[in-house]
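Read-outs throughout are calculated quantities, based only on the coordinates presented, and are distinct from any laboratory measurement. As the structure is a prediction and not an experimental result, all values here were calculated from the model. Don't worry about glycine lacking a Cβ; one is built from the backbone with ideal geometry, like all the others, and counts go over all protein chains shown.
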Protein chains: 2
Amino acid sequence: MSNTSITIKMPAWLENFYQQAYVLDGSIESKMDFTIKIAAQNIKEGGGPFAATIFEKNSTNLISIGINLVTKSHLSIAHAEIIAICAAQRKFSNHNLSKVCAEGVELFSTTEPCAMCTGAIPWSGIKWLVYGATKQDASEIGFDEGAKPKNWIQEYEKRGIEVVREVNRESARKVLLEYHKNKGIMY
Amino acid sequence: MSNTSITIKMPAWLENFYQQAYVLDGSIESKMDFTIKIAAQNIKEGGGPFAATIFEKNSTNLISIGINLVTKSHLSIAHAEIIAICAAQRKFSNHNLSKVCAEGVELFSTTEPCAMCTGAIPWSGIKWLVYGATKQDASEIGFDEGAKPKNWIQEYEKRGIEVVREVNRESARKVLLEYHKNKGIMY
């Protein structure tokens, strides 16, 4: 017997964040702060300490939100970045996000993407990646980010993808530590 | 407005392959041959030239089939390996496939996995990867496999994942060339 479809359900509480996005001032710090608040809420809701958002570049237009749903969805691919990418692509019915807004789109991730997500971003059409906490911050609390090419940022540059590192890092790291303190599930 | 769920629909024709799997003799060549036939059929059905399957190790027990659904699903992550992993994890309601069968599971991919799929496999609990055509064969017809760590096979070994390379490579490569000849969409 085969599966005829795979469905990933988004939690209802995300809707509040979709409604709140209009208060952002459009700076990358403010968008990252917003994304970190979603990660903190995801822990309270019983999920992992990671969140991601996709915004139209140079705009407060929120396109999608992703949270880590690995344990809830029973899918190891359900990292925040992957969920945000899928939600955005479905919104536009287009697998290439470089074609959906005049200015392009930017991905905010509360933590440096793992090996899988680092590989997924170039296929998505995203041209800007902004992250908060580092790979080291994640591994400090026991999360394995996997084997990435050492020069992944240069590889991104070759493909026209710009990386902005460690935006609001301390505040993103605090969410990881909070999760660890509360003995969140490691997966 | 947010998406409340993301659904990936499997095509109905896959069911024939789920029914046919019992004829396999259990060798890795026979499982790869079966997987290559699915990739060939996916082209006929208007999809990309890639397929993947997950089998119980040392068994003819087919757990899941994945095909490339990038253009049909509007999702850049919908590579054959990702679809096969998701379908298998949903079958067992478990994001860790190392826990679902006594002998573990093995992933067959008609082509060497791209950077994203290479990053995704270690998170899935799969302990054996068998592939057919190489990264070079895919790039020969214009598919970009992305930046992977040079030593990815050793990195896999460190995690207890064994890689069997170039099984039925010529026959897997033929499917890629066929797709190219018929001017299949590049994505």
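Structural remarks
- Rounded is the label for chain B, because a/c, from the alpha-carbon gyration tensor with a ≥ b ≥ c as root eigenvalues, stays below 1.5.
- Estimated from helical segments only, the mean residue ellipticity of the protein assembly as shown at 222 nm is -12000 deg cm²/dmol, where each DSSP H run of four or more residues counts as -39500 (n - 2.57).
- The trypsin sites (Lys or Arg not before Pro) of region B:88-127 include none that meets both criteria, a DSSP state outside H, G, I, E and B (loop) and at most 14 other C-beta atoms within 10 angstrom of the site's C-beta.
- Charging the Cβ of each Asp and Glu at -1 and of each Lys and Arg at +1, and nothing else, the dipole of the protein assembly as shown about its Cα centre rounds to 360 debye.
- Alpha-carbon spread of the protein assembly as shown, three principal axes, descending order, Å: 59, 44, 37
- Region A:2-113 - charge dipole about Cα centre, Lys and Arg +1 at Cβ, Asp and Glu -1, debye rounded to 20: 400
- Shown for A:Glu103: label points 7 Å from Cα along the beta-carbon vector, and their distances to the equivalent points in the other copies, 5.6 nm in ascending order.
- Debye, to nearest 20: dipole size of chain A, +1 on Lys, Arg Cβ, -1 on Asp, Glu Cβ: 380
- Measuring between their Cα centroids, region A:129-177 and region B:1-59 lie 34 Å from each other.
- Here the Karplus curve 6.51 cos²θ - 1.76 cosθ + 1.60, taken at θ = phi - 60°, turns the phi angles of region B:135-146 into couplings of 3, 5, 4, 5, 6, 4, 9, x, 8, 8, 8, x Hz, with x standing for Gly and Pro.
- Each copy carries a label point for A:Gln19 at 7 Å from Cα along the beta-carbon vector; from one copy to the others these points are 5.0 nm apart, nearest first.
- Peptide B:85-95 shows a mean partner chain C-beta count of 5 within 10 Å per residue C-beta.
- Taking a ≥ b ≥ c as the square roots of the eigenvalues of the Cα gyration tensor, region A:1-102 is classed as oblate, since a/c reaches at least 1.5 and a/b does not exceed b/c.
- Per-residue packing, averaged as other Cβ atoms within 10 Å, sorts the ranges A:50-58, A:128-136, B:134-142 into the order A:50-58, A:128-136, B:134-142, beginning with the highest.
- Phi-derived couplings, Karplus 6.51 cos²θ - 1.76 cosθ + 1.60 at θ = phi - 60°, listed residue by residue for region B:101-110: 9, 4, 8, x, 10, 10, 9, 9, 10, 5 Hz, with x used for Gly and Pro.
- Position A:Lys37, label points 7 Å along Cα→Cβ, spacing to each other copy in nm (shortest first, one decimal): 5.6
- Which of A:Cys114, A:Asn182, A:Val100, positive extreme of dipole for region A:61-187 (C-beta unit charges): A:Val100
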